[in-house]
Amino acid sequence: MTRALSPGFQKRVYAVVRLIPKGRVATYGDVAFALGHARVARHVGFALSRLEDKTVPWHRVVNAQGRVSLDETGPGFEQQKRLVREGVAFTDTGRIQSFKTVRLDRAALHQHWLSVRGPDDGGAEA
């Protein structure tokens, strides 16, 4: 059985997150699915929490309810602010408006990942 956080996992997470266009979001589970391992959503979150590369649009990854998972007064506030600047609207209760429309289709994200990854990206191995 493959370890969930094999060498290169974080790099692959960041590469998939870079595929999420402005004004759109994906869930932690969507990113995991794109990598070929739908059950490692929590590990996607761990990888993003270790992010040092400021060019990765981490703010475009939200939880499955269409909400920011982080504390709304700290990084969560920054995440919501960045999404709003990209045109993503939120309800008064903190959920993304029209979440089903703003959310990328996970199968399409997976296919996009498969089409752009290189041979050194590790394929679907988590």
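Of the set (1) assigned to a helix (DSSP H, G or I); (2) surrounded by 13 or more Cβ atoms within 10 Å (Cβ to Cβ), all apply to SER115 but (2). So which residues in the range 44-59 are touching a helix residue (DSSP H, G or I) at 6+ places or on another chain (Cβ under 7 Å) and not charged (D, E, K, R)? Once the filter is applied, which keeps residues that are touching a helix residue (DSSP H, G or I) at 6+ places or on another chain (Cβ under 7 Å) and not charged (D, E, K, R), the range 44-59 yields VAL44, GLY45, ALA47, LEU48, LEU51, VAL56, PRO57, TRP58, HIS59. Anything in the range 28-77 that is farther than 23 Å from GLN111 by Cα and of a type in the set (Gly, Ala, Ser)? List them, or say none. Result: SER49, SER69, GLY74, GLY76. When the residues of the range 39-56 are filtered to those that are in contact (Cβ under 8 Å) with a residue 24 or more places away in the chain and aliphatic (A, V, I, L, M), the one that is farthest from ALA89 (Cα to Cα) is VAL40.
Checked against the criterion of being under 21 Å from VAL116 (Cβ atoms) and either touching a Phe, Trp or Tyr at 6+ places or on another chain (Cβ under 6 Å) or at pLDDT below 95 (or both), the candidates ALA15, ALA26, ALA34, ALA4 yield just one match: ALA34. Restricting the first member to the range 1-28 and to residues that are over 13 Å from LEU83 (Cβ atoms) and of a type in the set (A, V, I, L, M, F, W, C), and the second to residues that are at pLDDT 95 or above and assigned to a loop (DSSP other than H, G, I, E, B), the beta-carbon pairs closer than 7 Å and six or more apart or on different chains are VAL17/VAL56; VAL17/PRO57.
Residue by residue, here is whether (1) assigned to a helix (DSSP H, G or I); (2) surrounded by fewer than 15 Cβ atoms within 10 Å (Cβ to Cβ); (3) at pLDDT 95 or above; (4) in contact with a strand residue (DSSP E or B) (Cβ under 7 Å, 6 or more places away or on another chain) holds:
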residue: ARG39; (1), (2), (3), (4): no, yes, no, no
residue: PHE46; (1), (2), (3), (4): yes, no, no, no
residue: LEU51; (1), (2), (3), (4): no, yes, no, no
residue: LYS54; (1), (2), (3), (4): no, yes, no, no
residue: ALA64; (1), (2), (3), (4): no, yes, yes, yes
residue: LEU70; (1), (2), (3), (4): no, no, no, no
residue: GLN80; (1), (2), (3), (4): yes, no, no, yes
residue: VAL88; (1), (2), (3), (4): no, no, yes, yes
residue: THR93; (1), (2), (3), (4): no, yes, no, no
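Could you go through the range 4-15 and let me know if any residue there is touching a strand residue (DSSP E or B) at 6+ places or on another chain (Cβ under 8 Å) and surrounded by 12 or more Cβ atoms within 10 Å (Cβ to Cβ). Checking the range 4-15: not a single residue is touching a strand residue (DSSP E or B) at 6+ places or on another chain (Cβ under 8 Å) and surrounded by 12 or more Cβ atoms within 10 Å (Cβ to Cβ).
Among the residues of the range 101-110, those identified as within 15 Å of the chain's Cα centre (by Cα) and part of a helix (DSSP H, G or I) are VAL102, ARG106, ALA107, ALA108, LEU109, HIS110.
The values are calculated or read from the model by the stated rules, or taken from the named source; none is laboratory data. This structure is a prediction, so every number in the text was calculated from the model and none was measured. For neighbour counting, all protein chains shown are included, and Cβ atoms are generated from backbone atoms with ideal geometry for every residue, glycine included.
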